[in-house]
Amino acid sequence: MQVYISSTYHDLSEEHEFVKQVILDAKHIPTDIKFLQDFSPTIQHSTLITETIEESDIFILIIGGKYGPQIFSNRSQIDFEYLIASKLNKPIFVFQLSDQMLNQKDRSGFISIPDIHETKYKNEFYNFKRLVLSKHTVLNIDNEQQFKIRVVESLIAAEDHLGLNGWVRAEKHHLLQEIKRLQRELEKIESKNEIMIKVTSRPSTESRQTKLGSFTYEEILYALTSRSVDIGDNQAKEFGFKTRYPTLLELLMEYHMLLSRGVTYVNSNSLDEMLKAHLIPVLLSLGMMEDSQQMIGDIQFEKTKLSANGLILVGKIYAGVFQEIKF
């Protein structure tokens, strides 16, 4: 699969090369057209960009803090490239660096602030971003690990959508093992930042007869603690469990961040299959999960994720409301 990468170059050269390497690692072909600063393109250069995008299977746009000079009929290069990709109906995946990532580049001292944040074409940049955000799902990027995961997820989504493969099947590639490792690390960080509730005193015990949706906490906890799953020695080792017989509640608490983002029914790995076989059906029946839709770039997938009640349950367990349950 050939992937066209569009970004401003001087300010996002590291990110551009990073995405290019991720694409290569996934056994696909990255491509782009680079011009030197203050370059004046001719009609032949415009044609070259058009033909290269037309030959590509998908289009990746990386948005940072710059728009770039207007060298293509009052458009910057990224604006022009995006216009061509849109006219050619290419699947478009948009990644936008967060203020946090841009501020880190500011603090690094290697690039001056004017080179990171647009100062000359502010209105054009605002209108360009507003147009892109109105037409596409934009994936905001906070760190390098997240960037790698989102790019590979997009490549896999594009493969399924287009019926294409890399030089080697992506599911068999070692990169997906790295993705799972990175996801685990991100989930631990997010768990501490978003789910863990810090209290200065012990919370009062929740009544087991209080209802959460259609069921009481007593019924929900019984359903999750009374059932164990035999995941086998190999998967127990792979998933980091001390026993091959974790309870459904242990599975929920271990993978609640993955479940809160949602599990799709395409390109499932062994973890997804285990959760879909044992945990997700029970959580759906208890009203702790719900079906929804997910957009990856311009491609829509069905997914199942934790419901509001499911998140409440996880939060209460972490807060120590059910004092005999320790996580």
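Every number in this text was worked out from the coordinates using simple rules, so none of it is lab data. These numbers were taken from a predicted model, which means no experiment stands behind them.
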Legend entry - Amide hydrogen neighbours beyond the local backbone of Lys303, cut-off 5 Å, H modeled: Ser292, Gln293, Gln294
Inset, instruction - For the range 145-151, take each phi angle, set θ = phi - 60°, evaluate the Karplus expression 6.51 cos²θ - 1.76 cosθ + 1.60, and give the result in whole Hz per residue in order, putting x for glycine and proline. - result: 4, 4, 4, 4, 4, 5, 5
